[in-house]
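Novice: Would you mind keeping the following structure in view while I ask a few things?
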Amino acid sequence: MRVVILGCGRVGSTLAALLARAGHEVAVVDRDQSAFDKAIQRLGSDFSIETVVGVGIDEDALRQAGIENADAFVGVTSGDNTNIVAAQIARHRFHVPKVFARVYDPIRAEAYRDADIETICTTAIVTGIFQDLLLGHPLRHCTEYMELIRENPDKFGKDS
């Protein structure tokens, strides 16, 4: 499988390393060359990934990363808007079959899930896990924590 990952922070670099070590073709796009250097320091160099220094919403940078032949795209920068726009480009412009975007804002995550962009809202997942741990409840599947947004939309605030 060929995967293009936007963002070479802790999540993006760890995902890239796991996929590359499992034999998948991985390209990572990040606007900061030093992000790649930090990833190698953290994770070692016993895996091979393609790296592209560029902006993830720039179609040329995505092409350089091989988006035209990608089986999957994952946007995991620290910016919701960047992840969402890049995911939309991957889905609608390049017709990538599997597209995911990490989104911190639960309301925004829900809106884009409804617009056919699969979002992972770490805010909803982590707060749900902490709530279950604090109350002594059994842990649920991560998709169940995402459903908490749908069940309680009035409980989640506006953009922060």
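The values are calculated or read from the model by the stated rules, or taken from the named source; none is laboratory data. What you see is a predicted model; the values in this text were computed from it and never measured. No Cβ is skipped: glycine too gets one built from the backbone with ideal geometry, and neighbour counts run over all protein chains shown. Calculation scope for accessible area: heavy atoms of the full protein, side chains included, ligands and nucleic acids excluded. Shrake-Rupley method; radii C 1.70, N 1.55, O 1.52, S 1.80 Å.
Novice: Take the residues in region 53-78 that are of a type in the set (Val, Ile, Thr) and open to solvent by 60 Å² or more (accessible area, probe 1.4 Å), then tell me which one is farthest from residue 119 (Cα to Cα). Walk me through how you get there before you give the answer.
Specialist: Of the residues in region 53-78, the ones of a type in the set (Val, Ile, Thr) are 53, 55, 57, 67, 74, 76-77.
Restricting the remaining residues to those that are open to solvent by 60 Å² or more (accessible area, probe 1.4 Å) gives 53, 55, 57.
Values: 53: 24, 55: 20, 57: 17 Å.
Across region 53-78, the extreme among qualifying residues is 53.
Novice: Residue pairs, Cβ under 6 Å, 6 or more apart or interchain, first in region 56-75 and under 20 Å from residue 33 (Cα atoms) and without any contact (Cβ under 8 Å) to a residue 40 or more places away in the chain, second open to solvent by less than 10 Å² (accessible area, probe 1.4 Å) and aliphatic (A, V, I, L, M). List them.
Specialist: From residues that are under 20 Å from residue 33 (Cα atoms) and without any contact (Cβ under 8 Å) to a residue 40 or more places away in the chain, the pairs are 57/86; 61/29; 61/52; 64/52.
Novice: On to the next question. Within region 31-48, does at least one residue satisfy the condition of being modelled with pLDDT of 95 or more and of a type in the set (Val, Ile, Thr)?
Specialist: For region 31-48, residues modelled with pLDDT of 95 or more and of a type in the set (Val, Ile, Thr): absent.
Novice: Which residues, taken from region 4-36, are in contact (Cβ under 8 Å) with a residue 40 or more places away in the chain and at positive phi?
Specialist: Once the filter is applied, which keeps residues that are in contact (Cβ under 8 Å) with a residue 40 or more places away in the chain and at positive phi, region 4-36 yields only 7.
Novice: Still on this structure, I have one more. Only one of 50, 144, 110 is surrounded by fewer than 16 Cβ atoms within 10 Å (Cβ to Cβ) and either closer than 19 Å to residue 14 by Cα or of a type in the set (Asp, Glu) (or both); which?
Specialist: The match here is 144.
Novice: Name every residue in region 1-42 that is open to solvent by less than 10 Å² (accessible area, probe 1.4 Å) and assigned to a strand (DSSP E or B), in order of residue number.
Specialist: 3, 4, 5, 6, 26, 27, 28, 29 - these are the residues of region 1-42 that are open to solvent by less than 10 Å² (accessible area, probe 1.4 Å) and assigned to a strand (DSSP E or B).
Novice: Return the residues of region 80-110 that are among the aliphatic types (A, V, I, L, M) and out of contact with any Ser or Thr (no Cβ under 7 Å at 6 or more places or on another chain); say none if nothing qualifies.
Specialist: Listed by number, the residues that qualify are 84, 85, 86, 87, 89, 90, 96, 99, 107.
Novice: Condition check: small (Gly, Ala, Ser), under 15 Å from the mean Cα position of the chain (by Cα) and modelled with pLDDT of 95 or more. Does residue 56 satisfy that?
Specialist: On the way: small (Gly, Ala, Ser): yes; under 15 Å from the mean Cα position of the chain (by Cα): yes; modelled with pLDDT of 95 or more: no.
Answer is no for this residue.
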